[in-house]
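Asks: The following block contains the structure, expressed as structure tokens.
The values are calculated or read from the model by the stated rules, or taken from the named source; none is laboratory data. All values derive from a computational prediction rather than experimental measurement. Note that we place each Cβ from the backbone using ideal geometry, even for glycine, and neighbour counts take in every protein chain shown.
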Amino acid sequence: MRLTVLGGCGAWPTAEQACSGYLVEYEGFRLLIDPGYATMPRLLRHIQVDAVDAVWVSHGHPDHCADLNPLLRARGLSDVPPPALPVYAPHGALDAVLALDRPGMLAAAYDLHAFRPGDRLAIGPFTAETCLLPHFVPDAGLRLATPDAVLAYTGDTGPSPDIPRLAAGADLFVSEATYVDKVPDADEPYLLTARLAGEYAQQAGVQRLLLTHLWPGTDRAAALRTAAEVFPGAIDIAGPDLMITL
């Protein structure tokens, strides 16, 4: 299994980085996870739009799904459209982004598979287990497994005892870490810090931690140092074109 980071910026993209977006490949199958703002150009640095085999979305905030629209446009409006793209998302999460175009314009470009967080899914060669995690809107954490490796991903979440269970023993744990060591009080139930991500990684016994969804302008070195204070394993920060083989 290989993960390629398309972006890992929280809230909005910057000149250097797109928002959340990850390409996961295994045995020739390409799964696009969370196509947030500005991830489409990054995706095209690696593959063509018709090479995406499925899309999985954790929740409906646009920094995690906005670039599904240009992806579907590029496929559905091409001279020879590829088959409908399987898209997996929590019920209602994609209502807004799928309503950006006139009704029916892109209907043939996708096949929507709505699920409830907690459902277990089969996506190509992957077994996908999901769980509900606390955020401003319903967020589905993801445990993606093959016979060779396990990747766990929080989407956006606040503190939860379900996080170390989701990530237990994972080869790679991709965790939101919007802040370094303190979330503003009003947002504390809905977002994590780099320190909490490190604590959960340690509790889960993961092999490697990837911090993502850092607030624009966050000191990346400080986030790494803070996570490393509580997690002794390998730690990276999601950045454009970073590739990790599990």
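Asks: Search the range 2-32 for residues being touching an Asp or Glu at 6+ places or on another chain (Cβ under 6 Å) and farther than 26 Å from ASP187 by Cα, and hand back the single one that is surrounded by the most Cβ atoms within 10 Å (Cβ to Cβ).
Replies: Looking at residues that are touching an Asp or Glu at 6+ places or on another chain (Cβ under 6 Å) and farther than 26 Å from ASP187 by Cα, I get ARG30.
Asks: For the subset of the range 25-37 comprising residues that are out of contact with any Ser or Thr (no Cβ under 9 Å at 6 or more places or on another chain) and either touching a residue at least 12 places away in the same chain (Cβ under 8 Å) or not small (Gly, Ala, Ser) (or both), which member is nearest to ALA89 (Cα to Cα)?
Replies: The initial filter retains those residues of the range 25-37 that are out of contact with any Ser or Thr (no Cβ under 9 Å at 6 or more places or on another chain), namely 28-31.
Retained after the next criterion (residues that are either touching a residue at least 12 places away in the same chain (Cβ under 8 Å) or not small (Gly, Ala, Ser) (or both)): 29-31.
Details: PHE29: 19, ARG30: 17, LEU31: 13 Å.
Going through the qualifying residues, I end up with LEU31.
Asks: Continuing with this model, one more query. Going through the range 212-246 one residue at a time, which ones are closer than 17 Å to ALA152 by Cα and aromatic (Phe, Trp, Tyr)?
Replies: Selection gives PHE231 alone.
Asks: Go through the range 203-217 and report how many residues are in a strand (DSSP E or B) and over 16 Å from LEU6 (Cβ atoms). Break it down stepwise before answering.
Replies: Going residue by residue through the range 203-217, those that are in a strand (DSSP E or B) are 208-212, 214.
If we keep only those that are over 16 Å from LEU6 (Cβ atoms) as well, we get 208-209.
Looking only at that region, the number is 2.
Asks: Could we say that GLU25 is within 15 Å of the chain's Cα centre (by Cα) and of a type in the set (D, E, K, R) here?
Replies: On the way: within 15 Å of the chain's Cα centre (by Cα): yes; of a type in the set (D, E, K, R): yes.
When the stated conditions are applied, GLU25 passes them.
Asks: LEU224 versus (1) free of Cβ contacts under 8 Å to residues at least 60 places away in the same chain; (2) not in a helix (DSSP H, G or I): which is the lone unmet condition?
Replies: Every listed condition holds for LEU224 apart from (2).
Let's see how each residue does on (1) crowded, with 24+ Cβ neighbours inside 10 Å; (2) at pLDDT below 95; (3) over 21 Å from LEU3 (Cβ atoms):
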residue: GLY141; (1), (2), (3): yes, no, no
residue: ALA145; (1), (2), (3): no, no, no
residue: PRO159; (1), (2), (3): no, no, yes
residue: ALA167; (1), (2), (3): yes, no, no
residue: LEU192; (1), (2), (3): yes, no, no
residue: ALA238; (1), (2), (3): yes, no, no
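Asks: Looking at the range 208-222, which of the residues that are surrounded by 16 or more Cβ atoms within 10 Å (Cβ to Cβ) and more than 20 Å from ALA15 (Cα to Cα) is farthest from the chain's Cα centre (by Cα)?
Replies: ARG208
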